[in-house]
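What follows draws every value from the coordinates through simple rules; no lab data is involved. This one's a predicted model, so the numbers in the text were calculated from it and none came from an experiment. So basically every Cβ, Gly included, is an ideal-geometry build from the backbone, and we count neighbours across all protein chains shown.
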């Protein structure tokens, strides 16, 4: 029992060292959320900035390294599979893969409508419980008297409301 | 695998040479359309209104309707 903690401590030290070594690879190998080291060149797949700061695979296997050596020679000697393998070493996604349509718009539109609907409910509640009483000036009788007064004052007589009223006959034109 | 080299230069110039004449023409057309659908009828409406406008008659009609504070209708 006394020896176990030392063995576990040794294992912890080994794990912490490997975690430090694996951070450039940026694989989610340990339990904490992965933090991206923004001071190092980054890789990205973007249509508008197509050339990232670094190759996708920066740690190459031996076969990949030998292929990279072959790439330094004339390219006509590379087979189609080798060219594709070299591309996949440098890039994660091709342009068609990047430009693939997704169904995200359905989620977005659904979210928009959900929130619009919720806002509608809020506005309804507000109309019932918050708004003050409707002003008396909106009553039809008041509106009639208001319109009559506007016509008496000859409001907008050239092209507006009073131009549509026939003053001789006392009716709309 | 051997595609022709794409156009690398003069892209903005090409776009402008195509779109600027169209934009210019459409703007002029919009201005002319506005002039003959809005401003000319409006000028005519004002001219026709004031051709046979009797200010005194209008004043008296308004006075009788009771909208003035300085003069009350002739009855009162």
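Points worth noting:
- Once the Cα gyration tensor of chain B is diagonalised, semi-axes √(5λ) in Å: 66, 15, 7
- The alpha carbons of segment A:39-173 occupy a box of 100, 42, 30 Å along the principal axes, longest dimension given first.
- Cα-based helix-to-principal-axis angle, B:55-65 vs chain B, degrees rounded to 10: 70
- Volume of the Cα convex hull of the protein assembly as shown, divided per residue and given in Å³: 416
- Note on A:152, A:45: ascending count of other Cβ atoms within 10 Å places them as A:45, A:152, the fewest first.
- 0 to 90° range, to nearest 10: angle between helix B:40-51 axis and chain B longest Cα axis: 10
- With only the Cα atoms considered, segment A:40-99 has a convex hull volume of 99 Å³ per residue.
- Directionally averaged projected area (convex hull, Cα atoms, segment B:24-65), nm²: 3.9
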